[in-house]
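*Asks:* Have a look at this one before I ask anything.
The values are calculated or read from the model by the stated rules, or taken from the named source; none is laboratory data. Remember, it's a predicted structure, so these values are computed and weren't measured experimentally. Cβ placement follows ideal geometry from the backbone for every residue including glycine, while neighbour counts extend to all protein chains displayed. Accessible surface areas use protein heavy atoms only, side chains included; no ligands, DNA or RNA. Shrake-Rupley method; radii C 1.70, N 1.55, O 1.52, S 1.80 Å.
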Amino acid sequence: MGTPSRRRCGPASTRRTPTTSTRQSRTGTRRVAITTAQPEQSRRRLPSGWGALRRPRAGSGDRPGWLAGVREAVDRPLTTYYLLVGSVALLLTIGLIMVLSASSVYSYQNLGDSYAVVRRQLMWVGLGLPAAWVASRVPLRLIRSLAFPGYLVSLLLLGATAMVGVEVNGNTNWLAVGPIQIQPSEIAKLSLIIWAAHIYAHKERRLDSLHHVLIPVVPGMMLATTLVVVGHDLGTALVFFAIMIGMLWVVGAPTRLFLLALLGVSTVALALAATDPERLARITNFADPFKDYAGTGWQPAHGLYAMASGGVFGEGIGHSQQKWGRLPEAHTDFIFAVLGEELGLVGTLLVLALFLTIAFAIIRVARQTTEPFVRYASFGVVIWLLGQMIINVGMVLAVLPVIGIPLPLVSYGGSSLVPTLAALGMVIGFARREPAAARALAQRRRARSAGLSARR
């Protein structure tokens with residue numbers, strides 16, 4: 001009597017191939033042939049590269065080809081590196097163009113030369129780019145060895161500024177060093193991030209204790225913030241506080257700590273505002289700058305005029321009306337208003353997109369690394385840049401009070417530009433040292449050397 005045949009339930013392309021499995025029994029080892037179903041399609045090897053992207057059928061739930069292509073491009077080893085370099089270069093170029101345009105009237109009226117300010121900015125760029133290149137090549141061990149000396153030097157500079165600093169627009173946040181003036185608080189931002197990242201990386205295995213999370217980072221940052229507040233620089237103090245809160249969030253501090261910190265900082269900020277009539281007027285009138293149009297509302301009101309007159313595509317580079325003496329600090333704190341007037345909504349969105357691209361790339365570096373110091377330092381830099389950008393744009397849009405914060409990489413000023421470029425150069429170095437990126441760069445150098453040798 002024959003054995004009844006089994007019905008095949010799978011598709012016609014499915015074949016059953018015998019595989020061998022070994023079973024252990026009391027009598028010994030015996031081999032049993034087991035039939036498993038392996039679809040023929042799964043055994044085909046798909047080609048790699050952009051040509052391997054399959055277009056989904058209509059109505060299917062597969063990912064579209066262009067989206068898969070974008071994902072593949074983002075996942076390449078050098079994508080983060082190129083995103084950082086390209087975005088920083090574009091922002092720096094836009095900043096030079098806008099400094100030239102926004103400062104031309106001020107330079108001619110006060111210095112007798114329409115290009116005086118932009119020439120100074122070019123000098124700072126000439127110092128900042130080599131600093132960024134050096135920071136991208138410095139080994140991690142050397143960067144970490146500078147953590148405590150950099151922190152101590154920053155404290156000394158902040159203390160000297162609080163005692164013998166130069167007052168500008170009501171804030172004593174400048175220090176005269178020979179013929180030039182520097183702003184030590186801008187240098188302190190980078191040194192504080194490196195110092196805190198070094199300490200947290202050293203305590204990586206002990207950060208489940210609240211004591212190790214707080215000590216000595218929080219007292220050290222609060223000391224630096226206090227020295228800045230003594231000079232009445234409330235804007236920089238808020239950036240210091242944002243860096244401290246961001247670092248605590250990265251290392252996993254409890255939520256109640258953030259609530260207490262927010263309550264304490266709000267109390268101190270209100271107390272400082274209440275003791276300074278000018279600062280109190282700025283804070284109370286920022287939501288409606290036209291309430292005191294001829295007084296504290298003059299700068300934010302004309303900033304809004306500039307943004308509103310720009311429209312979608314702007315008036316064109318060099319055609320701003322507000323920079324003709326109506327908008328104070330047009331090339332520094334309110335350069336975003338001139339940018340909105342001359343480049344319109346498109347230009348402002350481009351600048352914001354570049355900042356977000358830098359933030360995205362830095363966060364990718366922090367998430368992909370296995371070095372705790374790299375992770376903490378990268379998060380500190382992105383909190384610094386994004387926080388300062390949000391405060392500056394909020395001032396121009398009259399969403400936040402005017403507290404004197406420059407727009408990173410765009411506003412005029414070497415004290416802000418050089419440390420910012422050094423910090424970004426350090427992060428670019430982190431991206432270059434990622435194992436996959438390092439292999440890709442090494443392979444590219446070998447291919448370039450081989451090409452030069454072949455030409456000879």
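*Asks:* When the accessible area of the range 148-220 is split by element with a 1.4 Å probe, what percent falls to carbon and sulfur?
*Replies:* Whole-percent figure for carbon plus sulfur exposure: 67.
*Asks:* Over the range 241-319, calculate the relative contact order: mean separation of alpha carbon pairs under 8 Å at least 6 apart, over the residue count, as a percent.
*Replies:* 12 percent
*Asks:* According to a simple spin-label model (label point 7 Å from Cα along Cα-to-Cβ), what is the distance in nm between PHE313 and GLU204?
*Replies:* 5.3 nm
*Asks:* Of all accessible surface on the range 244-336 at a 1.4 Å probe, what whole percent is carbon and sulfur?
*Replies:* Roughly 66 percent of what the probe reaches on the range 244-336 is carbon or sulfur.
*Asks:* Give the distance, in whole Å, between the Cα centre of the range 115-144 and the Cα centre of the range 211-273.
*Replies:* So the separation of the two Cα centres works out to 28 Å.
*Asks:* Express the relative contact order of the range 130-288 as a whole percentage, based on alpha carbon pairs under 8 Å and six or more residues apart in sequence.
*Replies:* So the answer I get is 19 percent.
*Asks:* Could you report the range 137-198's accessible area per residue, 1.4 Å probe, as an integer in Å²?
*Replies:* 50 Å²
*Asks:* Another one. I'd like to know which of LEU417, PRO401, ALA450 lies farthest towards the positive end of the charge dipole of the range 397-456, counting +1 on Cβ of Lys and Arg and -1 on Cβ of Asp and Glu.
*Replies:* In the range 397-456, that residue is ALA450.
*Asks:* With a cap of 12 neighbouring Cβ atoms within 10 Å, and only residues DSSP puts in a loop, list the trypsin sites (Lys or Arg not before Pro) found in the range 132-187.
*Replies:* Of the trypsin sites (Lys or Arg not before Pro), not one in the loops of the range 132-187 has a Cβ with at most 12 other Cβ atoms within 10 Å.
*Asks:* Sketch the reach of a paramagnetic label on MET222 as a point 7 Å from Cα along Cα-to-Cβ, and name the residues of the range 175-199 whose backbone nitrogen lies under 11 Å away.
*Replies:* Those under the cut-off are none; the list is empty.
*Asks:* How much area per residue is accessible in the range 242-377 when the probe is 1.4 Å and only protein heavy atoms are counted (Å²)?
*Replies:* On a per-residue basis, the range 242-377 sits at 49 Å².
*Asks:* What relative contact order, as a whole-number percentage, does the range 202-290 give when Cα pairs under 8 Å and 6 or more residues apart are counted?
*Replies:* 21 percent
*Asks:* While we're looking at this one, here's another question. Between MET163 and THR79, take the C-beta separation as r, use R0 = 56 Å, and let me know the FRET efficiency to the nearest 0.05.
*Replies:* 0.70
*Asks:* Here's a follow-up. Report LYS291's accessible area, 1.4 Å probe, all protein chains in place, as a number in Å² to the nearest 10.
*Replies:* 150 Å²
*Asks:* Excluding ligands and nucleic acids, what accessible area in Å² is computed for PHE290 using a 1.4 Å probe, to the nearest 10?
*Replies:* 90 Å²
*Asks:* Among residues other than LEU339 whose Cβ falls under 12 Å from its Cβ, what is the net charge (Lys/Arg +1, Asp/Glu -1)?
*Replies:* Net charge around LEU339: -2.
*Asks:* Cα convex hull of the range 332-439: mean projected area in nm², to one decimal?
*Replies:* 7.4 nm²
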